[in-house]
Amino acid sequence: MIVVDVSPAVHRKAGLGRYAQELIAALALPPGAKRPSDEYVAFYHDARNAAPGKLIQSLTCLATMQGPYAWRLRALLAHLLNLPQDSLFTQVAANTRERLPAPTLFHATEHLLPRFKRIKTVFTLHDLIFKFFPSYHLPRNRLFLTLAMPLFLKRADAIICVSEHTKRDAIKVYGVPEEKLRVIYQGVHPRFRRVTDAKALQAAKDRYRLADRFILAVGTIEPRKNLVTLFEAFKALREQDDGLAQEVIVVGRQGWLHEATYRAVHELGLTGRVRFLSAVEDDDLVAMYSLATVMAFPSVYEGFGFPPLEALACGAPVVSSNAASLPEVCGDAALLIPPLDVAEWVRALRRVLGDEALRRELGARGPRQAAKFTWAATAQATQAVYRSLLRRPE
């Protein structure tokens, strides 16, 4: 029995949630399967506030009532005091009430690994933002990760890195042996493809009152996403030619330290020209990618970066930061710009917004680049890691 931590999925944690949800789906219910595999069990904390989707509900589930901070503290103390937590799973399933066999492997999909003695462990390392940009984290999160991350990386039997950049960071910062690390890229769901149905596009346009020409930004609203640079570039663009783009649409939920991002809109005189949409379902997001004149992603650090990949899959012209893993994700299908160089962002956005032929060329490259990233491939490579630890044949 393999236990996969789906906590970020049932608690809707943006990119981490996308990873956990799509990974368990590809593992437990691969294409052609009529019912979920009983080999995989879903685990999550804070059961009172969890909102598992249909796929996770269809699996056997284990859950703890402990909230996020109590759960993190429990795991950290277990590592510091070397107290195995194997007994976590000597319980009945949360949804079937059946007593389960002892698990053979636990996969930590967010940055939290319980301390086990007899259970093999896989740890997915998404990024080390807290080390490189500590001011972008809340102090308690930074303290927890500073104490816990070296213990998690040391005690995990195998570590999945979501990009080559994350792998290099793990080696550079913590000296993790290279043979313990495996780069496995994440995927893009097939639903992300260009919408050509005029009625569907118009419906989304009407629903969200979208302008004919707009810049789309997608991601959690927090300092790391660097939206202020985009707003400054948009202000400069409007001063040069206010017909290039009528508005910036930001799709994403509030993260921590978001106040400065909202304040910048007012300070730059962009009230009414920058709009924030916090609740957009994937079907509508696909339509927005298809309608956007350009998708902009100025993030200063990404372990992987779902939004530009999704935009590429939908054939949207993308201008992205060239930081961290983003060149791996975008390849030659996007214009890549230094994240903090406002003048370069102005030039790149002006170039794409003003050149229809370039937009068509980028729109054609995008789906080809996105096709390199599939959840089926992610699941297959992840299963290979499981087999190597459990000494199962291919």
**Item:** Sum of side-chain charges, Met149 neighbourhood, beta-carbon under 13 Å (Lys, Arg +1; Asp, Glu -1)
**Value:** +2
**Request:** Would you mind checking the tilt of helix 139-155 against the longest principal axis of the Cα atoms of the chain, expressed as 0 to 90 degrees and rounded to 10?
**Result:** 50
**Message:** Give me the mean projected area, in nm² to one decimal, of the convex hull enclosing the Cα positions of the stretch 198-370.
**Reply:** 8.9
**Message:** Skipping prolines and chain starts, which residues have an amide H placed within reach, meaning under 5 Å, of the one on Val274, given they are 5 or more residues away or on another chain?
**Reply:** Val248
**Item:** Relative contact order (%) - the stretch 198-370, alpha-carbon pairs under 8 angstrom, separation at least six
**Value:** 24
**the stretch 277-287 - phi-based ³J(HN,Hα) in whole Hz, Karplus 6.51/-1.76/1.60, Gly and Pro as x** = 10, 8, 10, 10, 6, 4, 4, 6, 5, 4, 5
**Request:** Would you mind counting up the charge near Gly331? Only other residues with Cβ under 10 Å from its Cβ, with Lys and Arg at +1 and Asp and Glu at -1.
**Result:** +1
**Request:** Using the structure shown, select from Lys117/Lys180; Lys13/Lys167; Lys54/Lys225; Lys205/Lys235; Lys117/Lys154 the pairs with a Cα to Cα distance greater than 25 angstrom.
**Result:** Lys54/Lys225
**Message:** Suppose the Debye formula is applied to equal point scatterers at every Cα of the chain; what is log10 I(q)/I(0) at q = 0.14 Å⁻¹?
**Reply:** -1.25
**the stretch 1-155 - percent relative contact order, Cα under 8 Å, separation 6 or more** = 22
**Message:** Could you give each residue of the stretch 35-42 its phi-based ³J(HN,Hα) in whole Hz, using Karplus coefficients 6.51, -1.76, 1.60 with θ = phi - 60°, and x for Gly or Pro?
**Reply:** 8, x, 5, 7, 6, 9, 10, 8
**Prompt:** What percent does the relative contact order of the stretch 154-281 come to when contacts are Cα pairs within less than 8 Å and at least six residues apart?
**Reply:** 21
**Item:** Residue-by-residue Karplus 3J(HN,Hα) for the stretch 8-16, coefficients 6.51, -1.76, 1.60, Hz, glycine and proline x
**Value:** x, 6, 6, 10, 6, 9, 6, x, 5
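No value in this document is a laboratory result; all are computed from the given coordinates. What you are looking at is a predicted structure, and each value in this text was computed from that prediction instead of being measured. For neighbour counting, all protein chains shown are included, and Cβ atoms are generated from backbone atoms with ideal geometry for every residue, glycine included.
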